[in-house]
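For reference, the structure discussed in these notes is given below.
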Amino acid sequence: MPEMFSFNRFSKCNKYASPNNDLYTLEANLVSKSLRELTDGADKDPITKLRLLCFSRGATGILGLGRAFRAMDDDGSKALNEEEFTTGIKDTGLDVTGEEIKQMFGTFDEDGSGSINMTEFLLKLRPPMPQCRLTIIDQAFDKMDRDDDGVITIEDLKNVYSVKEHPKYQSGEKSEDEILTDFLHNFEGGRGNLDGKITREEFVNYYATISASIDNDMYFDLMMRRAYAM
């Protein structure tokens, strides 16, 4: 019999539990802080501006940017040339000059190949995290990925979580599948393909943004353990 525990322990999806309110508050504070820093008039390097723009769009901001850039990868190479990168940056609405875009591209294109690997681009864009935080994020992902196929789906969640205490399940407003799908969509944002499959990269990028608003490693560890009952 697989381990089961209440949906009230869920992170982010259920606003009625205090660990989830922590996440809502952290995300809201990060959005507000990032918007202030974007408009404070202080000189910032273009990559910092891009990171702040992502943060100002919430915990899925980096994920959304990655999806937008990947949509431009017509040949499936998982890389962007300078022209594609320039178009992508302009589409974000980021207030940068053409020279600053060239500077960004040169920074991400470390080997001078003329293209940027998408995975490496996102790794450099998201805020750095100490290994202890990456470890607890990986442990949470592994706990939910019950079949070890590298993605979290509704079927994985059904083997780990019970939604019986969720108010909308109890009232009949939503079914088990609808509630679990809502949880998965938290990691995909309001845009994107919303395919109901969360990859490890999506999961880590989500919590990398949350991590940026938490100074204390012990608190981050506690938050993750409370949210995923580890």
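The values are calculated or read from the model by the stated rules, or taken from the named source; none is laboratory data. Nothing here was measured: the structure is a model prediction, and the numbers come from that model. Neighbour counts are summed over all protein chains in view; Cβ atoms, including those assigned to glycine, are modelled from backbone coordinates with ideal geometry. Heads up: the accessible areas ignore ligands, DNA and RNA and are worked out on the full protein's heavy atoms, side chains in. Shrake-Rupley method; radii C 1.70, N 1.55, O 1.52, S 1.80 Å.
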**Complete:** Projecting the Cα atoms of PHE187, PRO46, VAL160 onto the charge dipole of the chain, where Lys and Arg contribute +1 and Asp and Glu -1 at Cβ, the residue farthest towards the positive end is VAL160
**Request:** Take the alpha-carbon centre of the stretch 216-230, take the same for the stretch 123-165, and report the distance between them in whole Å.
**Result:** 13
**Fill in**
In debye to the nearest 20, the charge dipole size for the stretch 131-228, taken about the Cα centre with +1 at each Lys and Arg Cβ and -1 at each Asp and Glu Cβ, equals 320
**Request:** May I ask you to compute the full-extension gain from LYS124 to ALA68, defined as 0.36 nm times their residue separation minus their alpha-carbon distance, rounded to one decimal in nm?
**Result:** 18.5 nm
**Request:** Note the angle between two axes, namely the Cα long axis of helix 200-211 and the longest principal axis of the Cα atoms of the chain, as a number of degrees from 0 to 90, rounded to the nearest 10.
**Result:** 80
**Request:** Measure nothing fancy, just the Cα-based angle from helix 176-186's long axis to the longest principal axis of the chain, in degrees from 0 to 90, nearest 10.
**Result:** 30
**Prompt:** Can you give the relative contact order of the chain as a percent, counting alpha carbon pairs under 8 Å and 6+ residues apart?
**Reply:** 30
**Complete:** the stretch 131-228 accessible area per residue, 1.4 Å probe, protein heavy atoms, integer Å², reads 46
**Estimated FRET transfer efficiency when R0 is 45 angstrom, pair THR86-LYS158 (beta carbons, to 0.05)** = 0.55
**Prompt:** Per-residue ellipticity at 222 nm for the chain, helices alone: DSSP H runs ≥ 4 residues times -39500 (n - 2.57), over residue total, nearest 500 deg cm²/dmol?
**Reply:** -17000 deg cm²/dmol
**Request:** Considering the options TYR228, LEU125, THR107, tell which one lies farthest towards the positive end of the dipole of the chain, charges being +1 on Lys and Arg and -1 on Asp and Glu at the Cβ, about the Cα centre.
**Result:** TYR228
**Request:** Using P(r) over Cα pairs in 5 Å bins from 0, in percent as the read-out, say which of (1) 1, 6, 11, 13, 12, 9, 6, 4, 4, 5, 6, 6, 6, 5, 4, 2, 1, 0; (2) 1, 6, 13, 17, 18, 15, 12, 8, 5, 3, 1, 0; (3) 1, 7, 15, 20, 22, 18, 12, 5, 1, 0 was calculated from these coordinates.
**Result:** (2)
**Request:** Using the Cα centre as the reference, give the magnitude of the dipole from point charges on the C-beta atoms of the chain (Lys, Arg: +1; Asp, Glu: -1; all else neutral), rounded to the nearest 20 debye.
**Result:** 960
**Message:** Please compute the per residue accessible area over the stretch 22-125 with all protein chains in place, 1.4 Å probe, rounded to a whole number of Å².
**Reply:** 52
**Request:** About the Cα centre of the stretch 22-125, how large is the charge dipole given +1 on each Lys and Arg Cβ and -1 on each Asp and Glu Cβ? Please answer in debye to the nearest 20.
**Result:** 460
**Asked** lysines within cross-link reach of LYS174: Cα-Cα under 28 Å, excluding same-chain residues under 8 positions apart?
**Response** LYS12, LYS15, LYS143, LYS158, LYS164, LYS197
**Message:** Just to confirm the number: angle between the C-alpha axis of helix 82-92 and the first principal axis of the chain, 0 to 90 degrees, nearest 10?
**Reply:** 60
**Prompt:** Carbon and sulfur together cover what percent of the accessible area of the chain at a 1.4 Å probe radius?
**Reply:** 48
**Asked** What's the tally of Lys pairs in the stretch 22-125 whose alpha-carbon atoms lie under 21 angstrom apart, where the two lysines are 8 or more places apart or on different chains?
**Response** 15
